[in-house]
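One structure below.
The values are calculated or read from the model by the stated rules, or taken from the named source; none is laboratory data. These numbers come from a predicted model, not from an experiment. Note: ideal-geometry Cβ built from the backbone for every residue, glycine included; neighbour counts use all protein chains shown.
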Amino acid sequence: MTVHNLYIFDRNGACLHYSEWNRKKQAGISKEEEFKLMYGMLFSIRSFVSKMSPVDMKDGFLAFQTSRYKLHYYETPTGIKLVMNTDLGVPNCRDTLQQIYSTLYVEYIVKNPLCVLGESLQSDLFCSKLDSFIRALPFFSVRAA
Amino acid sequence: MADEALFQFLHSEIIQYVNRAETGESENGRCVSKLENMGFRVGQGLIERFTKDTPRFKDELDVMKFICKDFWTSVFKKQIDNLRTNHQGIYVLQDNKFRLLTQLSAGKQYLEHAPKFLAFTCGLVRGALSNIGVKSIVTAEVSVMPACKFQVMIQKILLGCDRRHWCEIRFQCEYGRGLC
């Protein structure tokens, strides 16, 4: 059980933060293209899910799963999108992503007056706290299952 | 919790605002002194509220202990971690986890911006002391965030002047046979 990587996007599609812990295979394209691809996919799938929903929609798009990995998605009311890829053993990451937002992003980025919102995150403190938070998660182990 | 975030956001915005208004070589110095003067006025008002029920202070050390314990707790919800003095009017207040710096960094990043974030609090302490009747100069230094040290230098010049002045009056009276 492990976490592969984590993306944080802002409302305009700019990737604020990306870190990886256990990525075995790269995408084959440059990082900017990868971020654009990810953001574009999320945007499309969210509108698809809301349009095609046969019942009244409550939360919208939550996660997708393949035979090897699962992608979890959490969007805040202010438009910050957190995307985490984990392996299949992880049940539901929504609370974790919500915790990352409230205890890490808000505390160390929003409250840091030297971090300009909307630009790529520079704070070392945020990166180190995020790293230790992910490593402390119960479903994180260094070697992928 | 909400009120703590409110003050933090307001404080950060004050610093950004003063920073933007000052442009030029002396920008950092003027920015810091503006913030310090703001803190001075706030400190004067705050100390009136906090000491309205406390008894009079016995001596300087008592005043400094009040600042370290009750005053710091009311403003920053924690006490000063270490107070040192040379018993000659210089006090060093050390806070190992200063509330306004914890979100900035945990180490050396953003160190050059740290003085601006301490200026308001320096003024706060100076204002509080001045309304108690202690004239002082307060400076701050930070080497590894979020720990910082505030140095308070008590000014004793006022007292010395009075004594000399008193001596001069008596001297003139004895020699000049004037009215004492």
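Details
- Filtering the range A:104-145 to residues that are among the β-branched types (Val, Ile, Thr), touching a residue at least 12 places away in the same chain (Cβ under 8 Å) and under 20 Å from B:Glu4 (Cβ atoms) leaves only A:Ile109.
- Count - residues of the range A:116-125 that are touching a Phe, Trp or Tyr at 6+ places or on another chain (Cβ under 8 Å) and in a loop (DSSP other than H, G, I, E, B): 1
- Matching entry among B:Leu179, B:Leu101, B:Leu118, B:Leu124 (being assigned to a loop (DSSP other than H, G, I, E, B) and either at pLDDT 90 or above or surrounded by 13 or more Cβ atoms within 10 Å (Cβ to Cβ) (or both)): B:Leu101
- Exclusive hit being assigned to a helix (DSSP H, G or I), away from every other protein chain (no Cβ under 14 Å) and closer than 28 Å to A:Ser123 by Cα, set B:Arg30, B:Arg41: B:Arg30
- B:Ser143 being modelled with pLDDT under 90, within 14 Å of another protein chain (Cβ to nearest Cβ) and assigned to a loop (DSSP other than H, G, I, E, B): no
- If the condition is being closer than 24 Å to B:Ile67 by Cα and either within 9 Å of another protein chain (Cβ to nearest Cβ) or surrounded by fewer than 20 Cβ atoms within 10 Å (Cβ to Cβ) (or both), then the range B:104-115 contributes only B:Pro115.
- Of the residues making up the range A:119-134, just one is surrounded by fewer than 14 Cβ atoms within 10 Å (Cβ to Cβ) and either in contact with a helix residue (DSSP H, G or I) (Cβ under 8 Å, 6 or more places away or on another chain) or within 12 Å of chain B (Cβ to nearest Cβ) (or both), namely A:Ser132.
- Among the residues of the range B:133-152, those that are over 8 Å from the mean Cα position of the chain (by Cα), buried (at least 21 other Cβ atoms within 10 Å of the Cβ) and of a type in the set (A, V, I, L, M) comprise B:Ala140, B:Met145.
- Only listed residue being part of a loop (DSSP other than H, G, I, E, B) and hydroxyl-bearing (Ser, Thr, Tyr), chosen from A:Ser102, A:Ser141, A:Ser132, A:Ser128: A:Ser141
- Residue check, A:Val49 surrounded by 13 or more Cβ atoms within 10 Å (Cβ to Cβ) and in a helix (DSSP H, G or I): yes
- Filter pass, A:Val116 being within 14 Å of chain B (Cβ to nearest Cβ) and among the hydrophobic types (A, V, I, L, M, F, W, C): yes
- Failed condition for A:Phe61, given (1) within 25 Å of A:Leu137 (Cβ to Cβ); (2) surrounded by fewer than 14 Cβ atoms within 10 Å (Cβ to Cβ); (3) at pLDDT below 90: (2)
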